[in-house]
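The structure appears below as structure tokens.
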Amino acid sequence: MKNFSRLLIHVCAIAAAALTALPLYVSGGSAQTLAAIKQRGVIACGVSEGIYGFSIETPTGWAGFDVDLCRALAAAVFNDPTKVRYVPLDAAARFASLQSGAIDVLSRNSTWTMSREIGLKLVFPAVTYYDGQGFLLRRERNITSALELDNVKVCVQGGTTTELNLGDFFRTNNLKFERLAFTTAIDAVKAYDAGRCDVFTSDVSQLHAERLTLSTPDDHVILPDVISKEPLGPAVRQGDEQWANIVKWTAFALINAEELGVSSKSIEQAIRSDKPEVRRLAGTEGDFGEQAGLTKDWVVRIIRSVGNYGEIFERNVGVESKLGIPRGLNQLWTNGGIVYAPPIR
Ligand SMILES: N[C@@H](CCC(=O)N[C@@H](CS)C(=O)NCC(=O)O)C(=O)O
């Protein structure tokens, strides 16, 4: 008996040693998305049909905050941010397109909600932009608070959380409104611009973008009220944890890079850094990239191509850009915001 238990301890010790030595490179789930992407040579990325600063087709290709996440993923997988096929999707079509496999990832101002994850069997691996719903209206109305909005016609895009929050807000505050819902953002904004509605409602980030497309942007104001939580981020299908992890840790790598002061300008120095956190990020220490199914230098590839989270924010939507959105909640937690990524270690 004594010999048997000694043998058992021995076997367990060997098994434990073997387990710790085994590199668990492929995380659970059926890891078919990354393989399919590599075989195809491009990532199919679902974006909006056109929101200035977020995802818009320009003469030189797609650009914007949401587009840069697609570019970052392509940089991580192919070391080439251009290896993306953009699929413009309206609000109603976006999730079905992801479920059917027509796209690998949706990066389109989409709010992470419980029903979208559980009911639609999707995963939102990270929040990339903390938003909330607001109202845009004509300056001449002299309205300064959303609580003054009674008996108004509201233009909204259907198939969105915006449409649902709108009903909640007016019901909760005993205010009357008439909803004019449109399938596309272009039609909703056109109707508002033509005077068919008193108010246009959407995520505040999109109000900033859509205001620029109006015939006289300066005649319209965004009310200060924010009536909902809209945590926006990329979405993927359930059942492929390897790909979900790549999307999640690409978003986290962008944030961690900003926190560590690693930018497109300082990335070459970061590769030579002796700071442990920077070395793990740059892949000069550890095998974090390989564990994810990528390469050691995956973050270097990303930062060289698109910059860090702060650079992406400022370039596309920040105060110096046409949209002029302050960082606000989207500032790093170390600077008074709530943007916080788990560490690479
Ligand atoms: N974040 C909200 C709203 C997203 C949304 O689709 N908003 C419209 C309002 S402008 C939009 O972006 N449309 C752009 C398009 O359909 O291309 C959601 O996930 O439901």
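The values are calculated or read from the model by the stated rules, or taken from the named source; none is laboratory data. This is a predicted model, so every value here is computed, not measured. Neighbour counts are summed over all protein chains in view; Cβ atoms, including those assigned to glycine, are modelled from backbone coordinates with ideal geometry. Note: areas computed on protein heavy atoms with side chains; ligands, DNA, RNA excluded. Shrake-Rupley method; radii C 1.70, N 1.55, O 1.52, S 1.80 Å.
Scanning region 223-239 for residues that are open to solvent by less than 50 Å² (accessible area, probe 1.4 Å), within 13 Å of the ligand (Cβ to nearest atom) and of a type outside the set (S, T, N, Q) yields I227, E230, P231, L232, G233, P234, A235. Scan region 85-119 for residues that are within 12 Å of the ligand (Cβ to nearest atom) and over 17 Å from the mean Cα position of the chain (by Cα) and the total you get is 3.
Restricting attention to region 32-63, the residues that are crowded, with 16+ Cβ neighbours inside 10 Å, more than 10 Å from the ligand (Cβ to nearest atom) and among the hydroxyl-bearing types (S, T, Y) total 2.
Would you mention how many residues in region 154-176 are touching a Leu at 6+ places or on another chain (Cβ under 7 Å) and either surrounded by 15 or more Cβ atoms within 10 Å (Cβ to Cβ) or among the aromatic types (F, W, Y) (or both)?
4
Could you please find all residues in region 276-304 being assigned to a helix (DSSP H, G or I) and more than 21 Å from the chain's Cα centre (by Cα)? Scanning region 276-304 gives P276, E277, V278, R279, R280, A282, F288, E290, Q291.
If you check V319, V278, V247 for being surrounded by 18 or more Cβ atoms within 10 Å (Cβ to Cβ) and without any contact (Cβ under 8 Å) to a residue 60 or more places away in the chain, only one passes: V278.
Highlighted here are the strands (runs of 3 or more DSSP E) found entirely within region 44-147 that include at least 1 residues which are in contact (Cβ under 8 Å) with a residue 60 or more places away in the chain: 61-63, 129-131, 133-138.
For region 217-254, a tally of residues being of a type in the set (D, E) and not in a loop (DSSP other than H, G, I, E, B) returns 4. Residues that are assigned to a strand (DSSP E or B), over 20 Å from N142 (Cβ atoms), at pLDDT 95 or above and not polar (S, T, N, Q) are absent from region 187-198. Checking the conditions here, which among F78, F170, F177 is away from the ligand (no atom under 12 Å from the Cβ), within 22 Å of A63 (Cβ to Cβ) and among the aromatic types (F, W, Y)? One residue alone meets the criteria, F78.
Quick check on region 255-275. Is at least one of its residues assigned to a loop (DSSP other than H, G, I, E, B) and among the β-branched types (V, I, T)? There is at least one residue in region 255-275 that is assigned to a loop (DSSP other than H, G, I, E, B) and among the β-branched types (V, I, T).
Taking the criterion of being open to solvent by 10 Å² or more (accessible area, probe 1.4 Å), at negative phi and out of contact with any helix residue (DSSP H, G or I) (no Cβ under 9 Å at 6 or more places or on another chain), the residues of region 194-215 that qualify are A194, V204, H208, L212.
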